[in-house]
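The values are calculated or read from the model by the stated rules, or taken from the named source; none is laboratory data. Owing to the predicted nature of the structure, the values given are computational and were not obtained by experimental measurement. Neighbour counts are summed over all protein chains in view; Cβ atoms, including those assigned to glycine, are modelled from backbone coordinates with ideal geometry. Each accessible area value is taken on the protein alone, full model and side chains, heavy atoms only, with ligands, DNA and RNA left out. Shrake-Rupley method; radii C 1.70, N 1.55, O 1.52, S 1.80 Å.
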Amino acid sequence: MNLNNKMEYKKLKVIISGGGTGGHIFPAVSIAGKLKELNPETEILFVGAEGKMEMEKIPAAGYRIVGLPIVGIQRQLNLRNIINDAQVPFKIARSIRMAGKIIDEFKPDIAIGVGGYASAPLLFAAVRKKVPALIQEQNGFAGLTNKLLGGKVGRVCVAYDGMDRFFPAEKIVFTGNPIRPEMHPYTDADRQEGFEYYKLDRGRRHLLVVGGSLGSGTLNKAMRKWIEDGCPGGDDVEVLWQCGRYYKKGVDDFMAGRDLPFIHHSDFIGRMDLAYAASDVIISRSGASSISEICATSKAAIFVPSPNVAEDHQTHNAMALVNKGAGLIVKDSEAVAKLMEEAMALIHDEGKIKEIENNIKPLARLDAAGSIAEEVYKLI
C-alpha cells in the first residue's frame, strides 16, 4: 500500500479513544491528522473521559469529542481514593453502555485505542460489536487496558522491542509512536530561530527542563534546590524551565525578587519544537511521547522516570534508550540531590553530548502516524 497515492484511500468513519495526558492526546491527534490527510472526507470522532484534558485539547485541534464518566483506579490509599475506587465498577459499566450507543449511532469502520483507562469502554464495546479495532501501545511496558484487550483486537502497534511479552506476536506491528509534525531533527536555522523566539543568549549553554504537560514536582524541587545553592556549575548556562500549571504559583513565589535573568520559567512551553532546537541538553520525564519527540529531534537528555505510573513503565521507556547509550537516567528518589549536578556535567561535555545524539538518532520514527494509518486500512 502506497501512502503517497491518496486515490487508494476511501472515506472512513473512525473512532479514536483514550486520553488523560498529553502523552495520549498528541499521538491520537497525529493519527487523526494522517487519516484526514489521506482522505479529507474521513470522519473522526474522539471518545475520552469527562473532565480530563482531552475534553479541551481535542476540540482545540478541530475534532469532535464525546466524554464518558469513566475513572481510573487510584493506587494511593486515602479516603478520597477509596470513594473513587468504590465507584469504578459502576462507572465502567455505564461507560461501556454509553460506548455501545456511540458505536451504534456513529457506525465506525474502525475503533482505535491510544491507551489509558479512557480507551477501555470504547474498545470493549467495539470488540463486542465486531467492529475492527486497533491498539496503539506507546510504552515499553504495556498498560492494563491494552493487555486485557490485546488478544481481542485485530492489530497492536508498538514502539518498543519485546512486546510479545504482552501481546500475541502475530498481531504486533512495530510503528513507533506518533509525534507532532513539527518535531524533527533540528537544523542550524531551527536553532537560531529558537534563540530568537525565546530571546536566548547565543554565547551560553542551554538547558531545557520539562516535566510533561502537567509539570513535575520532583524536577521543580531539583531546580529550586539548585537555585538556592547558587546555581553551581551554571555560570554560563541558560535555562528554559516548564514548571507546569499545577506548580506555577509556587514557582512564581519562589522566583519573585531573585535576580536570575538566565532562568526562564513558565507553566507551559507552546513552541516546544523551538525549545528542543535551542537546547544543548534536556531534562525530562520519560513518558512515551516525550521519549519519541526527543528521539525525533536527536537530543541528549537526562531522564527522570515518574514513580507515579502503572508498572513503572517510564523506567522501562528510559532504559530502552540508556541501554543503547542514547540517554542518561537519574532515579526520581535521587533527583533533588543529584540531577542538576549530572546536568551541569553533561552540558559541558560536548563529546558526551555528541555521542548521545549519534546513538539516539537511529531510534527516531518520524512517520509513525503514517505507519499506523497504513495498518488501519490493512485491517479494514
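Applying a length cut-off of 18 Å (Cα extent along the axis) and a mean Kyte-Doolittle floor of -0.5 to the DSSP H helices of the chain leaves 22-38, 79-106, 332-347. For the residue pairs LYS91/LYS221; LYS52/LYS354; LYS91/LYS378; LYS57/LYS107; LYS34/LYS352; LYS152/LYS361, alpha carbon separations beyond 28 Å are given by LYS91/LYS221; LYS52/LYS354; LYS91/LYS378; LYS34/LYS352; LYS152/LYS361.
Compute the length gained on full extension between ASP267 and GLU105: take 0.36 nm times their separation in residues and subtract their Cα-Cα distance, giving the result in nm to one decimal. Display every interim value, and only then the final one.
On the way: separation 162, 0.36 × 162 = 58.32 nm, distance 3.95 nm.
Gain on stretching ASP267 to GLU105: 54.4 nm.
Residues of region 313-328 with the amide nitrogen closer than 18 Å to a label point 7 Å from the Cα of ASN359, along Cα-to-Cβ, please. Output list for this probe position: 315-328. Take every Cα pair under 8 Å whose residues are at least 6 apart in sequence, average their separation, divide by the length of the chain, and the relative contact order is 16 percent.
For ILE380 and ALA256, FRET efficiency with R0 = 51 Å and r from the beta-carbon atoms, rounded to 0.05? Walk me through the intermediate numbers first.
Details: r = 56 Å, r/R0 = 1.10.
Working from the Cβ atoms, E equals 0.35.
Taking 0.36 nm per residue of sequence separation and subtracting the Cα-Cα distance, how much length would be gained by fully extending the chain between ALA60 and LYS129, in nm to one decimal? Show your work: numbers first, answer last.
On the way: separation 69, 0.36 × 69 = 24.84 nm, distance 3.05 nm.
Full-extension gain reported as 21.8 nm.
Projected over all directions and averaged, the alpha-carbon convex hull of the chain occupies 19.0 nm².
Here each label is just a point 7 Å from Cα along the line to Cβ, and for ALA337 and ALA93 those points are 4.9 nm apart.
Apolar share of the accessible surface for the chain: 51 percent from carbon plus sulfur atoms, 1.4 Å probe. If the chain linking LYS11 and ASN323 were pulled fully straight, counting 0.36 nm for each residue of separation and taking away their Cα-Cα distance, it would gain 108.1 nm. Per residue, the chain exposes 45 Å² of accessible surface when a 1.4 Å probe is rolled over the protein heavy atoms with every protein chain present.
Taking the Cα centre of the chain as origin, work out the dipole magnitude from +1 charges on Lys and Arg Cβ and -1 charges on Asp and Glu Cβ, in debye rounded to 20. Before the final figure, lay out each step's value.
Working: 48 positive and 46 negative charges, 353 e Å.
Taking the Cα centre of the chain as origin, the dipole is about 1700 debye.
Can you sort GLU293, GLU350 by 1.4 Å-probe accessible area, starting with the largest? If you can, show how the numbers build up before the last one.
On the way: GLU293 10, GLU350 120 Å².
The most accessible residue leads, giving GLU350, GLU293.
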